[in-house]
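Engineer: This is the structure I have questions about; it appears just below.
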Amino acid sequence: MSSSNTTNDLASAVSNVTQKTIMFTRYWCMTMFILGLIGHSLNVCIFTRPALRLNPCARYFMASAIAGYGVIFGVLPVRLLQFGYSRSLFLSSVTMCKMLTFLFSWARILPCWFIGLASIDR
């Protein structure tokens, strides 16, 4: 009888942790979406100023902000659906899975490359 209670308690604890993780993922992704949208929008506003428009480093940072929009509007919603609502686009076909994995990896690393190129250019 006591092992049955222990099993039920353990199952309840696992279910509780899973539910809390899903809720955290939902709120975290929404927060990152809002903060990313604000941050990248401010970067675009700053780096399109006439004084900075001709600076090569500012162009790299501008490209990084635009590539960041790709992460915010492309990768983040799909990951929110995948981890927050258990709806995965990766399960439809092997080709789709490989293509999305490549595109998401590329989209996430592109802003970092632009910042690295700005550092080299400096």
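Engineer: Just to be sure, is Thr31 farther than 30 Å from Cys112 by Cα, in a helix (DSSP H, G or I) and among the β-branched types (Val, Ile, Thr)?
Structural biologist: No, not satisfied.
Engineer: Let me ask something else about it. Pairs please, first residue from segment 54-79 and crowded, with 18+ Cβ neighbours inside 10 Å, second anywhere and not in a helix (DSSP H, G or I), Cβ atoms under 8 Å, 6+ apart in sequence or on different chains.
Structural biologist: Met62/Thr48
Engineer: Within segment 80-96, count every residue that is part of a helix (DSSP H, G or I), surrounded by 13 or more Cβ atoms within 10 Å (Cβ to Cβ) and free of Cβ contacts under 8 Å to residues at least 60 places away in the same chain.
Structural biologist: 3
Engineer: While we're here: Before we move on, is Thr25 out of contact with any Gly (no Cβ under 6 Å at 6 or more places or on another chain), over 16 Å from Leu110 (Cβ atoms) and polar (S, T, N, Q)?
Structural biologist: When the stated conditions are applied, Thr25 does not pass them.
Engineer: Still on this model: Restricting attention to segment 69-92, which residues are under 17 Å from Thr18 (Cα atoms) and among the aromatic types (Phe, Trp, Tyr)?
Structural biologist: Phe83, Tyr85
Engineer: Continuing with this model, one more query. With the condition kept exactly as written, say whether any residue in segment 13-23 is surrounded by 13 or more Cβ atoms within 10 Å (Cβ to Cβ) and either farther than 19 Å from Ile72 by Cα or modelled with pLDDT under 90 (or both).
Structural biologist: Taking every residue of segment 13-23 in turn, at least one turns out to be surrounded by 13 or more Cβ atoms within 10 Å (Cβ to Cβ) and either farther than 19 Å from Ile72 by Cα or modelled with pLDDT under 90 (or both).
The values are calculated or read from the model by the stated rules, or taken from the named source; none is laboratory data. Predicted, not measured: the structure shown is a model, and the values here were computed from it. All Cβ positions, glycine included, derive from the backbone under ideal geometry; neighbour counts span all protein chains shown.
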